[in-house]
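Every number in this text was worked out from the coordinates using simple rules, so none of it is lab data. Not measured: the values here are computed from a predicted model. Glycine gets a Cβ as well: all are built from the backbone with ideal geometry, and neighbour counts include every protein chain shown.
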Amino acid sequence: MKVYNNLSDYIKVPNAIVTIGTFDGVHLGHQAIFKDMVRYAKEIGGETVVITFYPHPRQVLNIDSSNLRFINTQEEKLKHLEKLGVDNVIIVNFTKEFSLISSETFISDYIVKNIAPVKLVIGYDHHFGKNRTGDFNQLHEMKNKYGFELQRIAVQDVENIAVSSTKIRHSLKQGDIEHANALLGYQFTYIGNVISGNRIGREIGYRTANLNINKEYRLIESSGVYATYVDYNDTTYKSMTYIGRKPTINNDDIENIEVHIFDFNDDIYDKNIKVRFVSKIRDEYKFDSLDALKKQIEIDEIKIKEIL
């Protein structure tokens with residue numbers, strides 16, 4: 001997969017099938033778009049082109065940006081796109097000036113002029129351009145003028161619930177990891193570097209890997225204990241993961257992500273690991289003592305091993 005960090009760097013390909021969006025989470029709705037694009041590209045000997053934006057438009061326009069949290073990092077999003085078979089990704093630098101471009105100018109001067117798509121594929125609720133005035137109906141009016149086919153992918157439902165990034169974020173914040181995973185089509189994941197902690201886990205017999213991720217604008221799940229898998233060095237391990245502020249120990253100002261990997265003794269400090277979330281088993285509690293905390297962790301371990 002080729003990644004272009006500027007539209008001007010993009011090298012035109014024949015028979016480009018194009019989609020546009022932020023695609024946070026790369027969930028089942030997004031996947032339906034990409035899979036259809038890949039299928040059609042193979043039929044006509046073309047290539048898929050995904051246009052996305054960085055920073056996120058809501059960050060730049062300060063639309064509820066204080067509460068804005070993302071399901072994926074930009075790097076994780078690109079890995080998902082590559083796995084789905086996308087050929088080209090163009091990351092457009094989103095600025096306030098860019099946000100003032102009208103929807104038709106965006107299509108004519110940016111998409112048609114630079115990419116020349118034979119087909120544009122969009123999600124059921126896609127909007128674009130200044131004040132998000134561009135939509136499927138406007139594209140339908142433009143398609144003959146600019147010479148591209150147009151397809152809108154229908155809403156994707158899971159148990160009669162329309163898939164959306166907003167609903168996934170809500171489920172994660174509520175600790176409903178099973179529902180979030182169902183809408184994502186894969187297990188919610190953190191990828192991060194293992195850093196040193198206060199070694200309390202070692203003292204009570206549960207050595208933990210303290211995960212360092214960029215928490216700015218990254219969605220952190222609700223506090224508690226989770227059944228998880230860890231992928232490290234091409235091997236998958238069962239694990240339990242704690243997210244919280246450690247009220248029993250020191251009540252930190254920030255959320256910690258600590259992972260205990262079952263039957264594992266390797267030194268992984270300063271190494272990257274992937275943590276995949278399966279189920280939340282309990283909320284965060286403040287215990288009267290470390291001994292009480294240890295007894296609860298022993299109960300957590302039994303329950304998690306039954307789940308995994």
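Over the range 187-307, the fraction of Cα-Cα pairs per 5 Å bin, rounded to whole percents and listed from the shortest bin up, is 2, 11, 23, 27, 21, 12, 3, 0.
The peptide list 174-182, 7-15, 147-155, put in order of mean Cβ contacts within 10 Å with the highest first, becomes 174-182, 147-155, 7-15. Principal axis extents of the C-alpha atoms in the range 234-303 (largest first, rounded to whole Å): 39, 28, 22.
Each residue of the range 66-188 gets 139 Å³ once the volume of the Cα convex hull is shared out per residue.
What percent do you get for the relative contact order of the range 187-307 when only Cα pairs under 8 Å and 6+ apart count?
Working: 225 pairs, mean separation 40.1, N = 121.
In percent, rounded to a whole number, it is 33.
Given 25 °C and 0.890 mPa s, how large is the Stokes-Einstein diffusion coefficient of the range 2-161 in µm²/s, with Rh as the Kirkwood radius over Cα pairs? Each step should come with its number before you reach the end.
Working: Rh = 16.1 Å.
Value of D from the Cα-based Kirkwood radius: 153 µm²/s.
Applying the criteria of a DSSP loop state and at most 11 other Cβ atoms within 10 Å to the trypsin sites (Lys or Arg not before Pro) of the range 159-231 yields Arg199.
Secondary-structure-derived ellipticity at 222 nm for the chain, considering helices only, amounts to -8000 deg cm²/dmol, per-run term -39500 (n - 2.57) for DSSP H runs with n ≥ 4.
Ranked from highest to lowest mean number of other Cβ atoms within 10 Å per residue, what is the order of the peptides 230-237, 87-94? It would help to have the intermediate numbers written out before the result.
Numbers: 230-237: 13.6, 87-94: 18.9.
Top to bottom by mean Cβ count within 10 Å: 87-94, 230-237.
Need one number: the % of Cα-Cα pairs in the chain sitting beyond the 31 Å mark. Roughly 38 percent, once rounded to a whole number. Only Cα sites of the range 1-55 enter the Debye sum here, all with the same form factor; the resulting log10 I(q)/I(0) across q = 0.14, 0.22, 0.24 1/Å is -0.40, -0.93, -1.06, listed in q order.
Note on the chain: with a GNM built from Cα contacts shorter than 10 Å, the maximum mean-square fluctuation among Ser165, Ser279, Ser99 falls on Ser99.
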